[in-house]
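The values are calculated or read from the model by the stated rules, or taken from the named source; none is laboratory data. Owing to the predicted nature of the structure, the values given are computational and were not obtained by experimental measurement. With ideal geometry, Cβ positions are generated from the backbone for all residues, glycine too; neighbour counts draw on all protein chains shown. Just the protein is used for accessible areas: all its heavy atoms, side chains included, with ligands, DNA and RNA removed. Shrake-Rupley method; radii C 1.70, N 1.55, O 1.52, S 1.80 Å.
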There are 2 protein chains.
Amino acid sequence: MTTTSAKEETLAVRISRILAERIVAGEIEPGTRLRQDHVAEEFGASHVPVREAFRRLEAQGLAVSEPRRGVRVASFALSEVREVAEMRAALEVLALRHAAPHITPAILDAAEEATKAGDKSRDVREWEEANRRFHRLILTPCNMPRLLAAIDDLHAASARFLFTTWRSSWEARTDHDHRAILAALRQGQADQAAAILARHVQWIGQRPVKTPSGATRDAFAIVG
Amino acid sequence: MTTTSAKEETLAVRISRILAERIVAGEIEPGTRLRQDHVAEEFGASHVPVREAFRRLEAQGLAVSEPRRGVRVASFALSEVREVAEMRAALEVLALRHAAPHITPAILDAAEEATKAGDKSRDVREWEEANRRFHRLILTPCNMPRLLAAIDDLHAASARFLFTTWRSSWEARTDHDHRAILAALRQGQADQAAAILARHVQWIGQRPVKTPSGATRDAFAIVG
DNA sequence: ATAGTAAAAATTATCTATAATTTTGAATTT
DNA sequence: AAATTCAAAATTATAGATAATTTTTACTAT
């Protein structure tokens, strides 16, 4: 997600950001058509910036577009969840390898705080926010903007799967992986930390879930 | 204009593809402003599809856009070249691991052909085409569309660096890495193939080069 | 001469309007 | 009753026009 300053944000960027949040949160079901005039009306805009927003969502993998047939919310199969998880593992490991030498004790403390916040979380949304904060904290020092942007998009996709599955039912749990990663980093064992991270990100849960429309289907989520 | 497009390709897609080719080929220098009305006029279109094309280029990392200040061709520093190379290594290794079990002898033969074509190439463009064909052939069987799309974008970025550097001066050379990768795959040694691929993709050459505007600067390129 | 400032030109971002295409739904036929 | 066809409605894609902003240029003052 390319974040521009809130004030100097173009209309297309704002629209795409808000639509992305809704799709990730599971408020709009996969396959739902996004109709440009409806979206335009909602935001009090014309459809030109809406179309640009659609192109952004498309690039993020949150929407798919067919010429002359419009745009719909991207669907996802188990295979795609796995794909995103494996890509995250590969890229986060790369980022951590480069970040490790630049991670300060202050960063590790902040990451510890994020882990605690995750353990205390009351719902999925809270947990996801803390989890993303943890990952961002330990990866950002790699100083590779393109890599971090790619990881951000994959995180959004992961969060989508997560929210779809644990929409209402959520019970806090202590995140042993996060603590193990921090312990390894504190001891300067970057390889060990990377290995745990790789496994951690690919943890996939699976359970039946109710869709917003009432149907029941098999769902799954990455929880790392 | 006559909107009877022979293909089912939208105008925005065609414009972004052609602009991407130019940027990758080094025909437009980094930092050059892309002015929507000029582009629109050239393609005989209005600026709406042009703006959409710009959003696509932005997502591919080939252009950068600032609100109200327009879009310019993305510049690149050595650090960014390295970043792309490392991302490619991480993702191509992942793709190869999944592709390996599904690679048939016919695919390996085709990849061998691509390698030979690369060895015979008379200019960079020819070599790059053969090189990309080789990588696509051995990676496509992984059957992970999102991963392959990400790799494609990284290839485009790599090609950009390559063309900038070896624009005119090119001498063919036999690609030992490609042959070693194929040999390992023929013997069912996927890990070995992946290891060579990872190193191969990160090979970075460095040399002084003349820019289109006449200046001389240090350039570099991934050649794998 | 150089720096600062204001008017002019160019450019971006958006809106309104129009053409083309697809989807929907009813009427007709098998 | 099911399938097919054709017209109407909805929707997408593009064009043309307008307002806002930035960049450039020219002018003035030091």
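Flag set for A:ALA89, criterion: closer than 24 Å to A:ASN143 by Cα and facing another protein chain (nearest Cβ under 10 Å). Please indicate, with yes or no, whether at least one residue in the range B:2-22 is under 23 Å from the mean Cα position of the chain (by Cα), closer than 23 Å to A:MET144 by Cα and within 14 Å of DNA strand C (Cβ to nearest atom). So far as the range B:2-22 goes, no, none of its residues is under 23 Å from the mean Cα position of the chain (by Cα), closer than 23 Å to A:MET144 by Cα and within 14 Å of DNA strand C (Cβ to nearest atom). Within the range A:60-71, the set of residues being crowded, with 21+ Cβ neighbours inside 10 Å and within 16 Å of DNA strand C (Cβ to nearest atom) comprises A:ALA63, A:VAL71. Assess whether B:ALA12 counts as being over 22 Å from A:HIS98 (Cβ atoms), away from DNA strand D (no atom under 12 Å from the Cβ) and either surrounded by 15 or more Cβ atoms within 10 Å (Cβ to Cβ) or not assigned by TED's automatic domain parsing to the domain that holds B:ILE196 (or both). Here the answer is no, as B:ALA12 does not meet what is asked.
When we screen A:ALA53, A:ALA74 for residues that are within 16 Å of DNA strand D (Cβ to nearest atom), open to solvent by less than 20 Å² (accessible area, probe 1.4 Å) and touching a Pro at 6+ places or on another chain (Cβ under 8 Å), the only hit is A:ALA74.
If I filter the range A:32-50 for residues that are modelled with pLDDT under 90, more than 10 Å from DNA strand D (Cβ to nearest atom), surrounded by 14 or more Cβ atoms within 10 Å (Cβ to Cβ) and hydrophobic (A, V, I, L, M, F, W, C), do I get at least one hit? Yes, there is a match, as at least one residue in the range A:32-50 is modelled with pLDDT under 90, more than 10 Å from DNA strand D (Cβ to nearest atom), surrounded by 14 or more Cβ atoms within 10 Å (Cβ to Cβ) and hydrophobic (A, V, I, L, M, F, W, C).
For the condition open to solvent by 10 Å² or more (accessible area, probe 1.4 Å), at pLDDT 95 or above and within 23 Å of A:ASP153 (Cβ to Cβ), B:GLU86 qualifies. In the range A:24-40, is there at least one residue being within 12 Å of another protein chain (Cβ to nearest Cβ), more than 12 Å from DNA strand C (Cβ to nearest atom) and either among the β-branched types (Val, Ile, Thr) or without any contact (Cβ under 8 Å) to a residue 40 or more places away in the chain (or both)? The answer is no, given that none of the residues of the range A:24-40 is within 12 Å of another protein chain (Cβ to nearest Cβ), more than 12 Å from DNA strand C (Cβ to nearest atom) and either among the β-branched types (Val, Ile, Thr) or without any contact (Cβ under 8 Å) to a residue 40 or more places away in the chain (or both). Among residues of the range A:146-164 that are farther than 16 Å from A:ALA89 by Cα and more than 9 Å from chain B (Cβ to nearest Cβ), those with a Cβ under 9 angstrom from a residue that is open to solvent by 10 Å² or more (accessible area, probe 1.4 Å) and among the hydroxyl-bearing types (Ser, Thr, Tyr), sequence gap 6+ or separate chain, pair up as A:THR164/A:THR211.
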